[in-house]
Structure formats: C-alpha cells, structure tokens
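Scroll down for the structure; my scribbles are underneath it.
The values are calculated or read from the model by the stated rules, or taken from the named source; none is laboratory data. As the structure is a prediction and not an experimental result, all values here were calculated from the model. Note that each Cβ is placed from the backbone with ideal geometry, even for glycine, and that neighbours are counted across all protein chains shown. Only protein heavy atoms, including side chains, enter the accessible area calculation; ligands, DNA and RNA are left aside. Shrake-Rupley method; radii C 1.70, N 1.55, O 1.52, S 1.80 Å.
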Amino acid sequence: MYLPSCGTDEELIGILVAVPEPLAGDIDALRTRLNLDTANSTAPHITLVPPTPVKRADRERIMHQLGEVAAKRAPFRICLRGAGSFRPVSPVSFINIAAGGEALAALEDEISEALDLPPARFPFHPHVTLAHIDHEETLDEAEKLAADFEAEWAASGFRLDHVGADGVYHSQALFSFTAG
C-alpha cells in the first residue's frame with residue numbers, strides 16, 4: 001500500500017464505507033484463504049479517500065465538513081459481485097461494485113471538494129480490496145476465490161479513519177446519512 005509522507009504537523013486520514021457483518025467476515029474468510037499476513041489487519045471496506053495527509057489543526061473543520069456531507073445523503077444500496085484487478089497498473093485484486101458505484105463516486109467527489117483535497121493518484125474506482133501484493137499467483141487466486149462472490153447491503157454512512165505508519169486503518173468517527 002502506498003502511504004504518502006506527512007509533515008510534523010500532519011496526520012494520515014482515510015475515508016471509507018465499511019462492509020458490514022456478516023459480509024465483512026465472509027470477505028475476511030476469502031482473504032485468509034490467500035494466506036496473507038495482512039488478511040485481517042484492515043477490515044473490508046470501500047475506500048472513498050485513500051491515505052491522505054492533512055493538518056492536525058484542521059481536524060475540527062474536517063469533522064464538521066464530513067458531517068455536512070453526510071447530512072445531505074440518504075442511505076443507498078451497494079451490491080458486490082465478482083472479481084477484478086488493477087493489474088498491470090497496480091498489484092491489486094478486488095471484489096467489484098455491481099450497484100451503488102454512481103452513489104459512491106458522487107460521495108467521493110463531494111468529500112474531496114468539501115475538504116479541498118489534492119487530486120488522487122488514480123481515478124476513483126469503487127471496489128473492495130482482496131489482495132494488494134506483488135505476487136501474480138496470489139492475485140490470480142484472489143480473483144478465482146471471489147469470482148462467484150455476491151452480497152448487498154444498504155450503506156448508511158461512512159467513516160473517518162486515522163491511517164497508521166503500518167497502513168492499518170483506525171476508526172476515528174462515523175458519519176451517518178440522515179437525508180430522506
């Protein structure tokens with residue numbers, strides 16, 4: 001995982017939609033079958049904002065703006081189906097978003113605009129990561145394991161996380177969709 005560097009007055013944040021239980025457990029079971037050391041270090045999620053440095057002094061403003069974004073949204077349906085990969089651009093295999101992608105893209109755009117974030121390294125493509133590793137056979141196996149995976153739920157909000165130097169996400173705040 002790429003982690004940008006931070007200045008002494010900055011911290012790394014990530015913003016995501018968590019996959020709820022029991023679906024998260026099902027995805028963790030697939031990851032565990034891949035025998036990766038990181039199988040359970042970060043709970044299954046859909047990244048809205050990847051690890052991004054922000055000023056620590058901006059935390060209150062960020063929390064306020066994220067609350068405003070969430071208040072304008074109503075829950076929406078997300079459906080996961082099948083597998084994909086970002087290869088050869090990035091060594092990532094993932095579960096596809098079959099429904100809810102447009103709502104996720106709009107949410108990502110609103111959050112980035114509200115927080116005035118720098119452009120992301122890659123165009124937004126909602127997904128749930130299975131494996132992020134420079135090992136072709138493991139990436140192939142991840143795609144095979146998730147080829148028939150299917151699940152859905154109503155996304156009711158998003159989460160702000162602190163991202164540690166080890167790349168592990170630590171939940172800091174939940175923002176519920178309250179419109180509609």
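A compact table of results
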item	result
Viscosity 1.567 mPa s, 4 °C: Kirkwood-radius Stokes-Einstein D of the range 75-180 over Cα pairs, µm²/s	84
Test item: Cα-centred dipole of the chain, Lys/Arg +1 and Asp/Glu -1 on Cβ, debye	340
Helix-only [θ]222 nm of the chain, DSSP H runs n ≥ 4, -39500 (n - 2.57) each, per residue, nearest 500	-8500 deg cm²/dmol
Dipole of the chain [Lys/Arg +1, Asp/Glu -1 at C-beta], most positive-end residue of Ser90, Ala142, Ser112	Ser112
Cα extents of the chain along the three principal axes, largest first (Å)	43, 41, 26
Listed residues Thr47, Thr52 arranged by accessible area, highest first, probe 1.4 Å	Thr47, Thr52
Gaussian network model of the chain, Cα within-10 Å springs - most flexible of Pro126, Pro20, Pro51	Pro20
Gain in span if fully extended, Ser171 to Leu117, counting 0.36 nm per residue against the direct Cα distance	17.5 nm
Summed residue charge, Cβ within 15 Å of Glu136's Cβ, Lys/Arg positive, Asp/Glu negative	-3
The range 62-127 shape via C-alpha gyration tensor axes, a/c threshold 1.5	oblate
Positive minus negative residues near Ala179 (Lys, Arg vs Asp, Glu; Cβ under 9 Å)	+2
Mean separation of Cα contacts under 8 Å (6+ apart) over length of the chain, as relative contact order %	32
Rounded Å value of the spacing that divides the Cα centres of the range 162-180 and the range 99-138	15
